[in-house]
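The values are calculated or read from the model by the stated rules, or taken from the named source; none is laboratory data. Everything numeric in this text was worked out from a predicted model, so none of it was measured. Backbone-built Cβ (ideal geometry, glycine too); neighbour counts: all protein chains shown. Protein only, heavy atoms only, side chains kept; ligands, DNA and RNA dropped before computing areas. Shrake-Rupley method; radii C 1.70, N 1.55, O 1.52, S 1.80 Å.
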Amino acid sequence: MILIVNTTSDTSVTKEIKERAAGLGLEPEVIEAAGMKISHCIGCNYCWLKTPGVCSVKDDYEIILKKVIHADQLWVISDTALGFLDHKGKNIFDRILPIATMYLKFVKDQMRHVPRYEQRTDIGIICRGEPDMDYLQRWSERAALNFESRSLGVFGTERIKEAVSCMC
Amino acid sequence: MHVLIINGSPRVKQYSNTDKILEKFTEGLCENNTTYEQYEISDKNQWEDIRKAYYSNSNILIALPLYVECIPGLLMEFLETLSPKNDGTKIAYILQSGFAEGIQLRCGEAYLEKLTGFLGCEYAGTLVKGDNFSIRFFEGDMRDRVTGPYTEMGREYAANGGFNTDKCRAFTGYEILPAHMRLALGILQRTLARTMFARIARSWGCTKPLDYRPYQ
Ligand SMILES: Cc1cc2nc3c(=O)[nH]c(=O)nc-3n(C[C@H](O)[C@H](O)[C@H](O)COP(=O)(O)O)c2cc1C
């Protein structure tokens, strides 16, 4: 399953994705998150040590979390701030912590958390505005390592066709 | 010198590892007449005051936990409300994290240098250090063993106005842990550490195994 989370209020991006994906016989699941209530991660550690796998912040993020654990790909559409994802985009990644456990292990030469589920979800980013693309690519690859998955890349809104060609 | 210190952690002050690090750091910082004021990003009621302090101070230190390889979403939300200064203000950072190896923080560190440019300020370096996850679970001597070394870094900052010195760079410790340590730690993580985590979980009222899958 391909999951697309749009944190921007620009629905023309998701419209284009849906159309192009349909042309390839794909039907991604799209969540328009701009109007949803999604807080930042408060770092309470409850999802690791008190209510394993469940976030203590009760808001609309749970809808996303429940889908991520079945998704082969997670695409986050984000606005840009200070060269990076804006806070709405970043919060989608910060809040994903419940899919990891408290347990640790080494993967190659670096420490990682043991994933909670079997599913591995590759991550892709579509950015509006003008981010520091080279940096975002680097960040996206690091972030994916943490989920034991791959980065599908970072794309500006002018490259949606290319992004969709990575969806499968 | 007067320093504006911003704790960029989303975690409330009482439980924030960054706060405990700053406690020790500021002891060293203040030894030679350097003064500071400190604010918490986790408390939105302080944001207006932090903004004012950002515009009126020329030495700024942002201390923050690494959140998914970069800055926490909440800190980003605050920073989005600032305008670039372009007046020679210096920003230095303390970047601290859970994982122990220096290599884990480099991507976050790289962003902090870029961020400084976007804010129209001068980059005064980042103190990079992992292995801080357990601070909130420790007290007394055990905690001091982790946070104590930051006092010397406070002195370094006061003397140099930033972290661009060999001593600060060396503070990171191992970039990657040597193979024998990885082997030993790997075994520890599968055994003793799990017992310890389970103990903490029980004391927090946890009734499920820590690898429980609520959504399947
Ligand atoms: C949402 C979230 C994401 C985190 N991401 C990372 C990470 O990518 N790498 C790492 O080493 N530690 C990571 N940590 C661990 C924190 O950086 C570490 O526990 C830190 O000491 C917390 O400081 P604080 O108590 O001041 O917030 C993360 C913690 C949270 C809650």
Principal axis box of segment B:96-168, alpha-carbon based, largest edge first, Å: 40, 27, 20
Nitroxide proxy distance, nm - points 7 Å out along Cα→Cβ at B:VAL12 and A:ASP60: 2.7
Eligible aspartates and glutamates near A:LYS67 by straight Cα distance, threshold 20 Å, same-chain separation 8 or greater: A:GLU27, A:GLU29, A:GLU32, A:ASP59, A:ASP94, A:GLU118, A:ASP122, A:GLU148, B:ASP211
Accessible area (Å², 1.4 Å probe, nearest 10) - B:MET196: 90
DSSP-defined antiparallel bridges as percent of all bridges, segment A:2-165, nearest 5: 25
Semi-axis lengths, Å, segment A:2-165, gyration tensor of Cα atoms, sqrt of 5 times eigenvalues: 25, 17, 16
Contour excess over end-to-end distance, with Cα ends at B:GLU37 and B:GLU113 and 0.36 nm allotted per residue: 25.1 nm
Structure-based [θ]222 nm, chain B - -39500 (n - 2.57) summed over DSSP H runs of at least 4, per residue, nearest 500: -12500 deg cm²/dmol
Overall Cα dimensions of segment B:56-97 - principal axes, largest extent first, Å: 31, 20, 13
Virtual spin-label span in nm between A:ARG20 and A:GLU32, 7 Å along Cα→Cβ: 2.0
FRET E, pair A:GLN119, B:ARG202, Förster distance 22 Å, beta-carbon r, rounded to 0.05: 0.20
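Have a look at the DSSP beta bridges in segment B:1-122 and tell me what percent are antiparallel, nearest 5.
Percent antiparallel among DSSP bridges in segment B:1-122 is about 5.
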Accessible area of A:THR11 in the full protein assembly, 1.4 Å probe (Å², nearest 10): 80
Calculated FRET value between B:MET181 and A:ASP72, using beta carbons and R₀ = 41 Å, to 0.05: 0.70
Residues of segment A:47-84 with amide N under 18 Å of the 7 Å Cα→Cβ point at A:GLU130: A:79-84
Most to least accessible of A:VAL68, A:VAL30 (protein chains only, probe 1.4 Å): A:VAL30, A:VAL68
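Over the protein assembly as shown, what is the percentage of antiparallel beta bridges among all DSSP beta bridges, to the nearest 5?
Details: 8 of 51 bridges.
Beta bridges within the protein assembly as shown, antiparallel portion: roughly 15 percent.
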The protein assembly as shown, Cα convex hull volume normalised per residue, Å³: 136
Qualifying lysines (Cα of each under 26 Å from Cα of B:LYS85; at least 8 residues distant if same chain): A:LYS88, A:LYS90, B:LYS44, B:LYS52, B:LYS114
Surface accessible to a 1.4 Å probe, B:TRP47 within the full protein complex, Å²: 20
Stokes-Einstein D for segment B:128-216, Kirkwood Rh over Cα pairs, 25 °C, 0.890 mPa s (µm²/s): 151
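How charged is the neighbourhood of A:ASN146? Take every other residue with its Cβ under 10 Å from the Cβ of A:ASN146, and add Lys/Arg as +1 and Asp/Glu as -1.
0
Across all directions of projection, what mean area in square nanometres is found for the Cα convex hull of chain B? Mind dumping the intermediate values first?
On the way: hull surface 55.2 nm².
Averaging across all directions leaves 13.8 nm² for the Cα convex hull.
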